[in-house]
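Single-structure report; data block below.
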Amino acid sequence: MDKQPHGQVDGSNYEYIIEMLNITKTFPGIVANDNISIQLKKGEILALLGENGAGKSTLMSVLFGLYRPDSGEIRVRGKPVHISNPNVANELGIGMVHQHFKLVHNFTITENIILGLEPTIGPFIKIKEAAQRIKELSEQYGLNVDPWAKIEDVSVGMQQRVEILKMLYRNAEILIFDEPTAVLTPQEINDLMDIMRNLIKEGKSIILITHKLKEIKAIADRCTVIRRGKVIGTVNVAETNEAQMAEMMVGRAVSFSVNKKPQEAGDVVLEIENLHALSSRKIPALRGFCLTVRKGEIVGLAGVDGNGQTELVEVLTGLRRAESGTIKFKGKDITHDTIRTRIEEGMAHIPEDRQKRGLVLDYTIEENFILEIYYKEPYSKHGFLNKKEIKANAQKIIENFDVRSSLGSISLARTLSGGNQQKAIVGREISHDPELLIAVQPTRGLDVGSIEYIHKRLVEQRDRGKAVLLVSLELDEIMDLSDRIAVISHGELVGIKKPEETNENEIGLMMAGVAHGGAA
């Protein structure tokens, strides 16, 4: 990989390294990009901001050669180009880190990075030389990647670094990041920001697709806002505040605070006593965990990713076996009950991984909405599905939760944007009118307008006397929504705090296992 494949596009006299001019891209029933123009300067970070389904990812897929535009022109280093597929994009020095990583899990990091570009001598792959080059790139950009580790053994944050290295290995100069922080912990987000700064220092240019205003303020130079497929405007980030960008994005003023009136919690709905569980690797993940959640309250579970939250949720929902301890739901021991029994008793679950656990991607939206209730009337009778009722149910949820898709309720789940997939799951679970809602990362990958909406719906559940267990890696979300905050560290309850009596710093120290909190 010594040659610079994109050196062939001369353009010493250009103002922008990338120009997308008057790009239009339509799909059946929807104009995803409506005459959009954006420009990227060399050595800058340009944020692309917009609601879920605004057309950001589609536009970048056009730039990366995954889609062909219906009309418009792309210029790279001042010269018009036709990007018919991702290989052409790579040749032009354009690389993309997708929102859902494209990695082979039982391959090593090196094998993933060189896939399709294997350096060989005769029939033999020069794997050691490739690993050495990956190690050098990793050190140059501060990525700290072990070339010999297997993908299945590394964290999500590390998998993202592998995707970045895949681009750098192919000599990419223009890097597109699609919602890069949607699956990262707060610490990994800080690390990614440092990596981006290193990339810019080394002369790269970055387009950052996001809807996290805090991150745009922290790292971007300019921000282009897209709403419903059209460019609303481009602003200098240093001269624009978060509220202004939010208003450009959703077309109205957005409230960043959660309106939550104080109320007394009622009877205990969920009682977890001395719970022990093993991780997938058969090591203790929960160690004597205890917690109660009452009617009319939101209990936020805060913790660094990987400290037992996933295992706790899986044990509560019946996806994982408890080794010992008890789970009582509305006073009844459900520790060994089936998943269906728990759902029928009134438990609902917004899962952490929307694609793996939340949806069947090749089912339609309306089919996904009845996954847990397909056998009940009015959705089926005598073993036959009632299509009319299934469609009516879907229309109601789509309307109530603003789920946007090209073909409405018959769209396949995989064709929805990440944020709309999330809204579909939240809508489905809340529509079951549960007694206990276990919401895990409910706003992961959502824009400010959708976050505001989901927060309202969670508070609405609480105000209606329902119990909500909120598991989130977003500390500000935990602080804003919770009536009580439970902190988990290494599978144990470290303490419980009321949000008005603590701050992010103290919760952070408890999450790290440095400080302990009493009961609240």
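Go through the stretch 146-181 and count every residue that is crowded, with 21+ Cβ neighbours inside 10 Å, under 14 Å from the mean Cα position of the chain (by Cα) and not polar (S, T, N, Q). Qualifying residue count for the region: 4. Number of residues in the stretch 68-101 that are of a type in the set (A, V, I, L, M) and free of Cβ contacts under 8 Å to residues at least 60 places away in the same chain equals 4. Of the candidates ILE298, ILE327, the single residue that is of a type in the set (A, V, I, L, M) and farther than 16 Å from VAL487 by Cα is ILE327.
Scan the stretch 58-80 for residues that are more than 15 Å from ASN22 (Cβ to Cβ), over 23 Å from the mean Cα position of the chain (by Cα) and not in a loop (DSSP other than H, G, I, E, B) and the total you get is 2.
Which of the residues that make up the stretch 306-358 are open to solvent by 20 Å² or more (accessible area, probe 1.4 Å), part of a loop (DSSP other than H, G, I, E, B) and hydrophobic (A, V, I, L, M, F, W, C)? The answer is LEU319, and nothing else. With respect to (1) in a helix (DSSP H, G or I); (2) over 30 Å from LYS330 (Cβ atoms); (3) modelled with pLDDT under 95, the lone exception for SER405 is condition (1).
Kindly indicate which of GLU139, GLU188, GLU152, GLU202 is out of contact with any strand residue (DSSP E or B) (no Cβ under 9 Å at 6 or more places or on another chain), farther than 29 Å from LYS42 by Cβ and of a type in the set (Asp, Glu). Even if it seems obvious, please write down each step before you answer.
Details: GLU139 fails: farther than 29 Å from LYS42 by Cβ; GLU188 fails: farther than 29 Å from LYS42 by Cβ; GLU202 fails: farther than 29 Å from LYS42 by Cβ.
When all the criteria are applied, what remains is GLU152.
Inspect all residues belonging to the stretch 387-399 and state whether any of them is open to solvent by less than 80 Å² (accessible area, probe 1.4 Å) and part of a loop (DSSP other than H, G, I, E, B). Taking every residue of the stretch 387-399 in turn, none turns out to be open to solvent by less than 80 Å² (accessible area, probe 1.4 Å) and part of a loop (DSSP other than H, G, I, E, B). Scan the stretch 287-305 and tell me whether some residue there is under 22 Å from the mean Cα position of the chain (by Cα) and open to solvent by 50 Å² or more (accessible area, probe 1.4 Å). Within the stretch 287-305, one or more residues are under 22 Å from the mean Cα position of the chain (by Cα) and open to solvent by 50 Å² or more (accessible area, probe 1.4 Å). Counting only residues that are open to solvent by less than 40 Å² (accessible area, probe 1.4 Å), of a type outside the set (D, E, K, R) and outside any helix (DSSP H, G or I), how many does the stretch 456-502 have? The total comes to 19.
Of all the numbered requirements in (1) open to solvent by 70 Å² or more (accessible area, probe 1.4 Å); (2) part of a helix (DSSP H, G or I); (3) in contact (Cβ under 8 Å) with a residue 60 or more places away in the chain, ASN259 misses one, and that requirement is (2).
Does the stretch 102-115 contain at least one residue that is surrounded by 22 or more Cβ atoms within 10 Å (Cβ to Cβ), farther than 30 Å from GLU19 by Cβ and without any contact (Cβ under 8 Å) to a residue 40 or more places away in the chain? Yes; the residues of the stretch 102-115 include at least one that is surrounded by 22 or more Cβ atoms within 10 Å (Cβ to Cβ), farther than 30 Å from GLU19 by Cβ and without any contact (Cβ under 8 Å) to a residue 40 or more places away in the chain.
In the set (1) touching a residue at least 12 places away in the same chain (Cβ under 8 Å); (2) more than 30 Å from GLU500 (Cα to Cα); (3) open to solvent by 10 Å² or more (accessible area, probe 1.4 Å), the condition left unmet by MET249 is number (3). Figure legend. Inter-residue proximity from the stretch 218-243: first residues in contact (Cβ under 8 Å) with a residue 40 or more places away in the chain and closer than 22 Å to PRO186 by Cα, second residues open to solvent by 30 Å² or more (accessible area, probe 1.4 Å) and assigned to a loop (DSSP other than H, G, I, E, B), beta-carbon distance below 8 Å, spacing 6+ or different chains. Indicated pairs: ASP221/LYS41; VAL237/ASP221.
The values are calculated or read from the model by the stated rules, or taken from the named source; none is laboratory data. This is a predicted model, so every value here is computed, not measured. When we count neighbours, we look across all protein chains shown, and the Cβ atoms used for this are built from the backbone with ideal geometry, even at glycine. What goes into the accessible areas is simple: the full protein's heavy atoms, side chains included, and nothing from ligands, DNA or RNA. Shrake-Rupley method; radii C 1.70, N 1.55, O 1.52, S 1.80 Å.
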